[in-house]
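*Asks:* Below are the structure tokens for one structure; questions will follow.
The values are calculated or read from the model by the stated rules, or taken from the named source; none is laboratory data. In this text, all values refer to a predicted model and were calculated from it rather than measured experimentally. Heads up, the Cβs are rebuilt from the backbone with ideal geometry, glycines too, and the neighbour counts pull from every protein chain shown.
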Ligand code: FES
Ligand SMILES: [Fe+2]
């Protein structure tokens, strides 16, 4: 349970809020690179942590992320003309470069130097692993570039999608940390989803009373779910949570790894990013085809948007018959929309003063604690917040069988590192 002011503190991320200031110290996945495919392509609206911005790629291919609104009289530059190394406001022709610097005010005499005094706010935007990453923090405190394994494997080895989610980022992310829901909410997907589960894991996962052990890692948490296995062994599924908002799902057999990121759009909406990747091989057509079709951790979108086809307005295409007949535990189809529907049902910002946490919520409790602590330490301690270091990001989840007397953090130590050119450890 959180007090109302703690809930506000941890959920709100607009400019000037403590959590917003913390998040502005990380590189943020902002766009898929395909959204800005070529020089002078149409600009794209981007809202991050309640800031309305415009992303564009100029004539030289340089990336810009600037204030959405023209400094003259506030027109949205989404209507702008992306031409000759800048974005031109269509109202009176003021033009801005990728840094937000105004480079032309056609109505004023050039010799007045007026445009030199006009600058919109502008942030750095870089391309890594098929994603455009934004840095919204103080320029002198910029962290090293993103090193998450999914952002560093070749394009053939990964599949990345994103969708909007109509709730606060934290309740969405808490769903990714809370592995105990898998045995319930996704119960009937464990045997019929090609990516989620093999025969062995499905057997284990039918045990709905795993023991959870949560320990701190350098960049976040390790959430170990333990189930009984053959003679004197435990079957462990270990989830990585990497600050501030990444999770990696323990793999199944030889399948690809999966992961998520939850990025605040504003306090009542977030982006849910979903990635599949394999460190040592290309994804096969048989793997990619269902991902493109919105299966596994991905989802089907309303064409031309990032809004899921199943959404609040159509009750997530709830199928009571499928629920009754044991084809879907909640009646909603697909893992991602099962997650989104129950998370959005909590309301735009979950009221955590009324929750009743149990032992399986330990991961969530510790994640909140680490986030609050990092926000409070900001500016005092100096240095990078946890999760910024490349070593914090080059990690993996694992599923493995260990002797009962071995602590999982020790037994799985090697399996939890993204060693280059090694396959994930997974049974
Ligand atoms: S409002 Fe943009 S140029 Fe006038
Ligand atoms: Fe889930």
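*Asks:* Say whether the condition of being part of a helix (DSSP H, G or I) and under 30 Å from residue 105 (Cβ atoms) is met by at least one residue in the range 142-160.
*Replies:* no
*Asks:* Got at least one residue in the range 296-313 being farther than 23 Å from residue 217 by Cβ and at pLDDT below 95?
*Replies:* There is at least one residue in the range 296-313 that is farther than 23 Å from residue 217 by Cβ and at pLDDT below 95.
*Asks:* Right, something else. Tell me yes or no: at least one residue of the range 220-237 is at pLDDT below 95 and within 21 Å of the chain's Cα centre (by Cα).
*Replies:* The answer is yes; a qualifying residue exists.
*Asks:* Among residues belonging to the range 36-72 that are surrounded by fewer than 17 Cβ atoms within 10 Å (Cβ to Cβ) and under 21 Å from the mean Cα position of the chain (by Cα), point out the one that is farthest from ligand 1 (Cβ to nearest atom).
*Replies:* 47
*Asks:* Do we have residue 108 as away from ligand 1 (no atom under 16 Å from the Cβ), surrounded by fewer than 16 Cβ atoms within 10 Å (Cβ to Cβ), at negative phi and free of Cβ contacts under 8 Å to residues at least 24 places away in the same chain here?
*Replies:* The answer is no for residue 108.
*Asks:* Just to be sure before I move on: is residue 161 within 16 Å of ligand 2 (Cβ to nearest atom), within 26 Å of residue 40 (Cα to Cα) and surrounded by 17 or more Cβ atoms within 10 Å (Cβ to Cβ) in the structure I sent?
*Replies:* yes
*Asks:* Please work out if residue 102 is buried (at least 16 other Cβ atoms within 10 Å of the Cβ), within 14 Å of ligand 1 (Cβ to nearest atom) and assigned to a strand (DSSP E or B).
*Replies:* yes
For every residue, the table says whether it meets (1) closer than 25 Å to residue 374 by Cβ; (2) surrounded by 24 or more Cβ atoms within 10 Å (Cβ to Cβ).
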site	(1), (2)
235	no, no
245	yes, yes
254	no, no
258	no, yes
267	yes, no
276	no, yes
279	no, no
287	no, no
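*Asks:* Across the range 76-95, what is the number of residues that are within 15 Å of ligand 1 (Cβ to nearest atom) and over 11 Å from residue 56 (Cα atoms)?
*Replies:* Of the residues in the range 76-95, 10 are within 15 Å of ligand 1 (Cβ to nearest atom) and over 11 Å from residue 56 (Cα atoms).
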